[in-house]
Amino acid sequence: MWHSVPFRKTHSLEELGEQCLDVDSTLRALIDCAAPLTEYAWKFRYPGDPEEPSFDETKEALQIAREVYEAVLGLLPEDVRPL
């Protein structure tokens, strides 16, 4: 907790992102892209649901998730980044 900002336990990437913007406003575009991924925490949780994502939707969501992950890692001190 490098900025001493507590986060509420939630699946809402929009809510978490808004808190991140209080620390680093340059993340706005990234958070705007990531917020729609929140639905993956609940909408597609169980296989066989009638609204499973298409291959292209899944591929795009994974790409966005990777970009967010890499951007956040880039903000962390090197000594705490995963190998």
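Report whether or not residue 38 is in a helix (DSSP H, G or I) and of a type in the set (Ser, Thr, Tyr). Walk me through how you get there before you give the answer.
Numbers: in a helix (DSSP H, G or I): yes; of a type in the set (Ser, Thr, Tyr): yes.
Here the answer is yes, as residue 38 does meet what is asked.
Is at least one residue of the stretch 36-48 exposed (fewer than 10 other Cβ atoms within 10 Å of the Cβ) and either within 11 Å of the chain's Cα centre (by Cα) or at positive phi (or both)? Yes, the stretch 36-48 contains at least one residue that is exposed (fewer than 10 other Cβ atoms within 10 Å of the Cβ) and either within 11 Å of the chain's Cα centre (by Cα) or at positive phi (or both). Right, residue 12: more than 22 Å from residue 80 (Cα to Cα), under 10 Å from the mean Cα position of the chain (by Cα) and polar (S, T, N, Q) or not? Criteria met by residue 12.
Where a number appears in this text, it was derived from the coordinates with a stated rule and is not lab data. It should be emphasised that the depicted structure is a prediction, and the values quoted were computed from it without experimental measurement. Don't worry about glycine lacking a Cβ; one is built from the backbone with ideal geometry, like all the others, and counts go over all protein chains shown.
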